[in-house]
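Trainee: Below is a structure I'd like to ask you about.
The values are calculated or read from the model by the stated rules, or taken from the named source; none is laboratory data. Keep in mind that this is a model prediction, so the values were computed, not measured. No Cβ is skipped: glycine too gets one built from the backbone with ideal geometry, and neighbour counts run over all protein chains shown. SASA here: full protein model, heavy atoms, side chains in, ligands and nucleic acids out. Shrake-Rupley method; radii C 1.70, N 1.55, O 1.52, S 1.80 Å.
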Amino acid sequence: LVAQGVNAMVIFPDAGKALLPAMRSAVQAGATVVPYRSPPGGKAGVDYTDYVATDSDQYGILWGNWLVDLLPNGGNVLYLGGPAGVQQSLDRLAGLKSVLDKHPDIKLIGQQPFNVTNWDPAMTQQVVTAALAKFPKIDAIAADYGAAMASALPVFDQAGRKIPPIATEDSNQLACDWKKLHKTNPDFQLYTNSS
């Protein structure tokens, strides 16, 4: 992580605790290391200088509340996360489940604890394509990366299915796609949190 002359770095620790040895080494070499958004594990002042947190579970709570209002008769919700085991996706899932668990008629479907996409647009397409083949009824999607979700919208048309409501992070591309596709997919509603 430390290149000659680099004395400060901001890191998105999407690999979680696997990055701790490299961050710790950089701190020991005198660099200021600040992971942000996804909890890295370890300890501030030892493994990194400081951590800038995002209230990830709150995202899930807000998504859950929107989904409960949207699905008063229940339904199936597909949750798409990032890399396997990444804390950000797990935290958002915890928030989402804290709401949906009070509404047993709304079920999370697919891989548990979440459908792994690595936040990669191509992999998100693959995961959504597989879910469409496996589940005849997907009433909504919660996705913790809106930009990757945008890449999966064409697979609904390819599968002969309408785009369901989506709760996710904001993404200019996804919002533009919603504006373009909403007329032919009236059930395609969009709820986003600012990232």
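Trainee: Mind listing whichever residues of the range 106-145 are modelled with pLDDT under 95 and of a type in the set (Ser, Thr, Tyr)?
Mentor: Residue satisfying the conditions is 145 alone.
Trainee: Now, a different point. Just name the residue that is nearest to residue 133 (Cα to Cα) out of those in the range 94-108 that are more than 15 Å from the chain's Cα centre (by Cα) and surrounded by fewer than 18 Cβ atoms within 10 Å (Cβ to Cβ). Can you show your working first?
Mentor: Restricting attention to the range 94-108, the residues satisfying the condition of being more than 15 Å from the chain's Cα centre (by Cα) are 98-107.
Going one step further and asking which of them are surrounded by fewer than 18 Cβ atoms within 10 Å (Cβ to Cβ), we end up with 98, 101-105, 107.
Details: 98: 28, 101: 26, 102: 28, 103: 26, 104: 24, 105: 22, 107: 18 Å.
Applying the filter and picking the extreme gives 107.
Trainee: Take the residues of the range 166-179 that are buried (at least 20 other Cβ atoms within 10 Å of the Cβ) and within 22 Å of residue 75 (Cα to Cα): which is nearest to the chain's Cα centre (by Cα)?
Mentor: 168
Trainee: Next question, about the same structure. What are the residues in the range 110-125 that are open to solvent by 20 Å² or more (accessible area, probe 1.4 Å) and either among the charged types (D, E, K, R) or more than 16 Å from residue 91 (Cβ to Cβ) (or both), if any?
Mentor: Selection gives 110, 111, 118, 120, 121, 122, 123, 125.
Trainee: Tell me which residues, restricted to the range 66-84, are more than 13 Å from residue 109 (Cβ to Cβ) and not aliphatic (A, V, I, L, M).
Mentor: Matches in the range 66-84: 66, 69, 72, 73, 81, 82, 83.
Trainee: State whether one or more residues within the range 51-62 are crowded, with 17+ Cβ neighbours inside 10 Å and not in a helix (DSSP H, G or I).
Mentor: Scanning the range 51-62, I find at least one residue that is crowded, with 17+ Cβ neighbours inside 10 Å and not in a helix (DSSP H, G or I), so the answer is yes.
Trainee: Can you pull out the residues in the range 23-36 that are in a strand (DSSP E or B) and buried (at least 18 other Cβ atoms within 10 Å of the Cβ)?
Mentor: Going through the range 23-36, the residues in a strand (DSSP E or B) turn out to be 32-36.
Result: 33, 35.
Trainee: Mind checking which residues of the range 151-182 are of a type in the set (A, V, I, L, M), in contact with a Phe, Trp or Tyr (Cβ under 9 Å, 6 or more places away or on another chain) and closer than 17 Å to residue 194 by Cβ?
Mentor: At the first step, the residues of the range 151-182 found to be of a type in the set (A, V, I, L, M) are 152-153, 155, 159, 163, 166-167, 174-175, 181.
Subset that is in contact with a Phe, Trp or Tyr (Cβ under 9 Å, 6 or more places away or on another chain): 153, 163, 166-167, 181.
Within the range 151-182, 166, 167 meet the criteria.
Trainee: Here's another thing I want to ask about it. Residues that are in contact with a helix residue (DSSP H, G or I) (Cβ under 6 Å, 6 or more places away or on another chain), within 15 Å of residue 169 (Cα to Cα), without any contact (Cβ under 8 Å) to a residue 60 or more places away in the chain and among the hydroxyl-bearing types (Ser, Thr, Tyr): does the range 33-40 have at least one?
Mentor: So far as the range 33-40 goes, yes, one or more of its residues are in contact with a helix residue (DSSP H, G or I) (Cβ under 6 Å, 6 or more places away or on another chain), within 15 Å of residue 169 (Cα to Cα), without any contact (Cβ under 8 Å) to a residue 60 or more places away in the chain and among the hydroxyl-bearing types (Ser, Thr, Tyr).
Trainee: Same structure again: Looking at the range 167-195, which of its residues are acidic (Asp, Glu), closer than 26 Å to residue 112 by Cα and not in a loop (DSSP other than H, G, I, E, B)?
Mentor: The one that is acidic (Asp, Glu), closer than 26 Å to residue 112 by Cα and not in a loop (DSSP other than H, G, I, E, B): 169.
Trainee: Of these, 154, 164, which one is part of a loop (DSSP other than H, G, I, E, B), at pLDDT 95 or above and within 22 Å of residue 119 (Cβ to Cβ)?
Mentor: So the residue among 154, 164 that is part of a loop (DSSP other than H, G, I, E, B), at pLDDT 95 or above and within 22 Å of residue 119 (Cβ to Cβ) is 164.
Trainee: Next question, about the same structure. Among the listed residues 84, 130, 147, which satisfies the condition of being in a loop (DSSP other than H, G, I, E, B) and open to solvent by 20 Å² or more (accessible area, probe 1.4 Å)?
Mentor: Numbers: 130 fails: in a loop (DSSP other than H, G, I, E, B); 147 fails: in a loop (DSSP other than H, G, I, E, B).
One residue alone meets the criteria, 84.
Trainee: Let me ask something else. Would you please name the residue that is nearest to the chain's Cα centre (by Cα), looking only at residues in the range 180-195 that are of a type in the set (D, E, K, R) and over 24 Å from residue 60 (Cα atoms)?
Mentor: First, pick out the residues of the range 180-195 that are of a type in the set (D, E, K, R): 180, 183, 187.
Imposing the further condition that a residue be over 24 Å from residue 60 (Cα atoms) reduces the set to 180, 183.
Values: 180: 23, 183: 26 Å.
Across the range 180-195, the extreme among qualifying residues is 180.
Trainee: Quick check, is residue 77 part of a strand (DSSP E or B) and of a type outside the set (Asp, Glu)?
Mentor: yes
Trainee: Across the range 72-81, what is the total count of residues that are under 15 Å from residue 102 (Cβ atoms) and either in contact with a Ser or Thr (Cβ under 6 Å, 6 or more places away or on another chain) or open to solvent by 10 Å² or more (accessible area, probe 1.4 Å) (or both)?
Mentor: 2
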